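First the structure, in the form of structure tokens, and then the observations on it.
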Amino acid sequence: MERRLSRVRWDRLGRWALIAVLGFVLYLYIGPAASWVSTYRDAKTKRADVAALKTENRKLRERRHELKDPAALEREARRLGMVKAGEKSYVIEDLPKDR
């Protein structure tokens with residue numbers, strides 16, 4: 001009976017050692033894997049931001065091309081309330097509203 005109590009079960013000890021090593025290896029992979037997932041999500045939002053900025057850039061380039069025309073530039077200035085040198089600006093207030 002004493003002989004049986006002092007005996008080490010190497011097969012069970014080996015299994016537990018393998019489980020512990022596997023757990024440690026998984027623990028080492030959790031940090032980088034979580035970092036990779038968050039980086040992937042950030043990259044997705046950045047790609048959406050870049051697409052929006054490209055669209056805005058295209059619109060601004062078109063606007064710049066339109067404003068190279070002197071007539072368009074004058075229309076824009078008049079829309080902002082500017083007048084040419086020597087012109088007088090008139091403001092008409094209290095016009096009746098259309099029904």
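The values are calculated or read from the model by the stated rules, or taken from the named source; none is laboratory data. Note that the structure is a prediction, hence the values are computed from the model and not measured. Counting neighbours? That spans all protein chains shown, and the Cβs are built from the backbone with ideal geometry, glycine included. When the accessible area is computed, the model is the full protein with side chains, heavy atoms only, and any ligands, DNA or RNA have been set aside. Shrake-Rupley method; radii C 1.70, N 1.55, O 1.52, S 1.80 Å.
The phi-based Karplus calculation (6.51 cos²θ - 1.76 cosθ + 1.60; θ = phi - 60°) puts the 3J(HN,Hα) values of region 39-50 at 5, 5, 5, 4, 5, 5, 5, 5, 5, 5, 4, 5 Hz, whole numbers, x for Gly and Pro. What net charge is computed for the residues neighbouring Arg63, neighbours being all others with C-beta under 14 Å from the C-beta of Arg63, Lys and Arg scored +1, Asp and Glu -1? Overall, the nearby charge balance is +2. Across region 12-18, rounded Karplus estimates of 3J(HN,Hα) from the backbone phi angles (6.51 cos²θ - 1.76 cosθ + 1.60, θ = phi - 60°) give 5, 5, x, 4, 5, 5, 5 Hz, Gly and Pro being marked x. Label separation (Ser35 vs Trp16): 3.4 nm, computed from points 7 Å beyond Cα along the C-beta direction. Computed extension length for Ala51-Phe24: 5.5 nm, one decimal, from 0.36 nm per residue of separation with the Cα-Cα distance subtracted.
What percentage of the solvent-accessible surface of the chain, computed with a 1.4 Å probe over protein heavy atoms, is contributed by carbon and sulfur atoms? On the chain, the fraction of accessible area on carbon and sulfur atoms equals 60 percent. Remark: the chain carries 106 Å² of accessible area per residue (probe radius 1.4 Å; ligands, DNA and RNA excluded).
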